[in-house]
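Enquirer: Submitted below is the structure of interest, expressed as structure tokens.
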Amino acid sequence: MTDTEIRLQKVLAAAGIGSRRSCEILIDQGRVSINGEPVREQGRRVDPEVDIIHVDGERLQTKAEVVVYALNKPKGVLTTMVDDQGRACVGDYVSELEQRVFHVGRLDADTEGLLLLTNDGELANRLIHPSFGVDKTYIATVKELTNKALAELTGGVQLDDGTAQATKARIIDRTKNSVMVELVIHEGRNRIVRRMFDAVGSPVTALVRTKIGPVALGQQRPGVLRVISGPQLRALYTAAGL
């Protein structure tokens, strides 16, 4: 036993799972695992900085220094931590945080919406890499879109750096002058959504990312930064396969 080890039920309660008594019940029921092994032993001691704990299959983030934030990036803001020309950038919104964080992937300056920031490199890598299959949802506004073009988005379109394919594409609104399309993709190549719509002959006039995995933008206002914690944080780690 080391000085950093504490009782499992205390770690669970501190992470917001429930009261210590309810956490003890979860342990009794075999719903808690440590480093991949189910545990039913009350009073088991763990190191929150080292041990990997799951509850009902969801990863519990117990490292004190790990943080995840969601920013609703406004249009015109660069996805970089510093801009040598003094232009507005993502770094402006996190400059006063105690922990140093970095953005997970990018949104081009003209695209607004959900951008995650964290200091967990493994989480960031899994959220970005298409092999882990984490959904990224966008709402794109175009002037017009044929049914054939809509089908091409999910069937696969050829770009200069390879084929790109949406896992889902549906029209959510249509007016006389514009069409709003919800698009779900797994990858994050540079300007991938805009290039996909260009390829089917429907250039994007406005683009918003609304969701990454289980984290949704919801009613969060542009420029607002919020902490991802509790069940949503656990769901995010689970979606990333951690």
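Enquirer: If you take the residues of the range 155-186 that are over 25 Å from the mean Cα position of the chain (by Cα) and of a type in the set (S, T, N, Q), which of them is nearest to His129 (Cα to Cα)?
Expert: Only one residue fits best here, namely Gln158.
Enquirer: At pLDDT 95 or above, among the hydroxyl-bearing types (Ser, Thr, Tyr), under 21 Å from Leu71 (Cβ atoms) and outside any loop (DSSP other than H, G, I, E, B): is that true of Thr205 in this structure?
Expert: Against the criterion (at pLDDT 95 or above, among the hydroxyl-bearing types (Ser, Thr, Tyr), under 21 Å from Leu71 (Cβ atoms) and outside any loop (DSSP other than H, G, I, E, B)), Thr205 does not qualify.
Enquirer: Also: For the range 7-59, which positions are over 30 Å from the mean Cα position of the chain (by Cα) and within 25 Å of Asp120 (Cα to Cα)? Explain how you work it out, then say what you get.
Expert: At the first step, the residues of the range 7-59 found to be over 30 Å from the mean Cα position of the chain (by Cα) are 7, 21, 24-25, 28-29, 40-45.
Listed by number, the residues that qualify are Arg7, Arg45.
Enquirer: Okay, moving on. Can you name the number of the only condition in (1) assigned by TED's automatic domain parsing to the domain that holds Val90; (2) modelled with pLDDT under 95; (3) closer than 19 Å to Lys136 by Cβ; (4) not hydrophobic (A, V, I, L, M, F, W, C) that Asn190 fails?
Expert: Result: Asn190 fails condition (1) only.
Enquirer: Right, next: Filtering the range 135-194 down to residues that are at positive phi and in a loop (DSSP other than H, G, I, E, B), which residue is surrounded by the most Cβ atoms within 10 Å (Cβ to Cβ)?
Expert: For the range 135-194, the residue satisfying everything is Arg191.
Enquirer: Given the conditions (1) part of a loop (DSSP other than H, G, I, E, B); (2) without any contact (Cβ under 8 Å) to a residue 60 or more places away in the chain; (3) of a type outside the set (Phe, Trp, Tyr), report the number of the one that Leu242 does not fulfil.
Expert: (2)
Enquirer: Answer yes or no: is there a residue in the range 194-211 that is in contact with a helix residue (DSSP H, G or I) (Cβ under 7 Å, 6 or more places away or on another chain), of a type outside the set (Asp, Glu) and under 22 Å from Thr238 (Cα atoms).
Expert: No - not one qualifying residue is present in the range 194-211.
The values are calculated or read from the model by the stated rules, or taken from the named source; none is laboratory data. As the structure is a prediction and not an experimental result, all values here were calculated from the model. Using ideal geometry, Cβ is built from the backbone for each residue, glycine included, and neighbour counts are taken over all protein chains shown.
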